Amino acid sequence: MGRLTVVADGQFGSTGKGAVTAWLSGPETIGVRVGGPNAGHTVLDQDGTAWPLRQVPVTAVTSRVAPLVIAAGSEIDLSVLDSEVRALEEAGHNVLDRLLIDSEATIIQPHHSKQEQALQHGTTAKGIGAARADRLMRRAKRYQDVRDDGVHTAQLLMYYLHGGSHVIIEGTQGFGLGSHAGYYPFATSGNCRAIDFLAQAGISPWSRSVSELEIWLTARPYPIRIAGNSGPLKGETTWEALGLPPEQTTVTKKTRRVGEWDPDLLVRAVAANGPGRHLKLALTMVDQLFPSFAGTSGFLAMDELPFDVSSWVRGIEAETGTPVGYLGTGPSTAVML
């Protein structure tokens, strides 16, 4: 029986899910990507090259042998997919021989992004929502309609789990962007909880093939939203006021909006992702709040952390009723508690 991990976002996206997924993955971990190419998950390879992957699982970089899965509940922009695969292959990351794409994944067509460009908010105009709408109306093309190498990935994932493998699902976007999270219409076209990502992958967490379930909920000290008319952001401030360099979005390259820590949002995200023994918090970009902690890495006990860091972590655990198991301290460094 195998280990099943889901990485989900407790804020509005861009919380370092790619880095967390990479840190939790071993050389034989099977990576699963769900959702569409509006979310870039950045991971560093051994040479320090950053890969902001939008379609391919980050385990394409962290593993050379494990299968890479794009699940049925994904939307695929073939031009983005082919570009990523080609770039990875040219850099020496073997992808083609182990990439498994579900026959039922939805294809994003050129007219889908054009439809979304007319919307005033709630979209990156990459065509995911329009493709999902066409799927509901039985008009969308599936991967099997355009290419003949698709497979039924849910069956394969259950097979891998039954054999004792570790499967990790990369959730996309963030809880606050979910269509029912309370920020509609400033929302994406689906919900962004662990249970939604499991459904997109076609995996039941209650299967007898799953011996261990982990849900990691990511959050950063200063939540962000995309630029423009993107919805409410509690305690909104500026990068200058925080003394931090402005951040740009992975996909659209626009400066992100930034806000102060919002415990209420994270508490709701914890409740939506199933509080209990399966759930842990992954706090990323901790070095933004504690610069002297930058670059710290390894396994540490709570009482081995600097006092200001441990006090902050304990406060979040008290606020959410959920243990913290990961502290991101830089692009490729982290502390596991």
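Filtering segment 30-70 to residues that are among the charged types (D, E, K, R) and either touching a Ser or Thr at 6+ places or on another chain (Cβ under 8 Å) or in contact (Cβ under 8 Å) with a residue 24 or more places away in the chain (or both) leaves R33, D45, R54, R64. The set of residues in segment 78-95 being within 24 Å of P27 (Cβ to Cβ) and open to solvent by 50 Å² or more (accessible area, probe 1.4 Å) consists of R86, E89, E90, A91, N94. Restricting E247, E214 to residues that are under 29 Å from G73 (Cα atoms), charged (D, E, K, R) and in contact with a Lys or Arg (Cβ under 8 Å, 6 or more places away or on another chain) narrows the list to E214. Has segment 186-194 got any residue that is more than 15 Å from V34 (Cα to Cα) and at pLDDT 95 or above? No, segment 186-194 contains no residue that is more than 15 Å from V34 (Cα to Cα) and at pLDDT 95 or above. Within the option set D287, D303, D308, D264, being buried (at least 17 other Cβ atoms within 10 Å of the Cβ) and outside any loop (DSSP other than H, G, I, E, B) holds for one residue only, D287.
Taken across segment 321-331, residues that are of a type in the set (F, W, Y) and open to solvent by less than 60 Å² (accessible area, probe 1.4 Å) do occur, with at least one present.
Count of segment 37-62 residues, restricted to those that are open to solvent by less than 10 Å² (accessible area, probe 1.4 Å), modelled with pLDDT of 95 or more and not in a strand (DSSP E or B), is 6.
The values are calculated or read from the model by the stated rules, or taken from the named source; none is laboratory data. Just so you know, these numbers come straight off a predicted model, no measurement behind them. Note: ideal-geometry Cβ built from the backbone for every residue, glycine included; neighbour counts use all protein chains shown. For accessibility, only protein heavy atoms count, side chains too; no ligands or nucleic acids. Shrake-Rupley method; radii C 1.70, N 1.55, O 1.52, S 1.80 Å.
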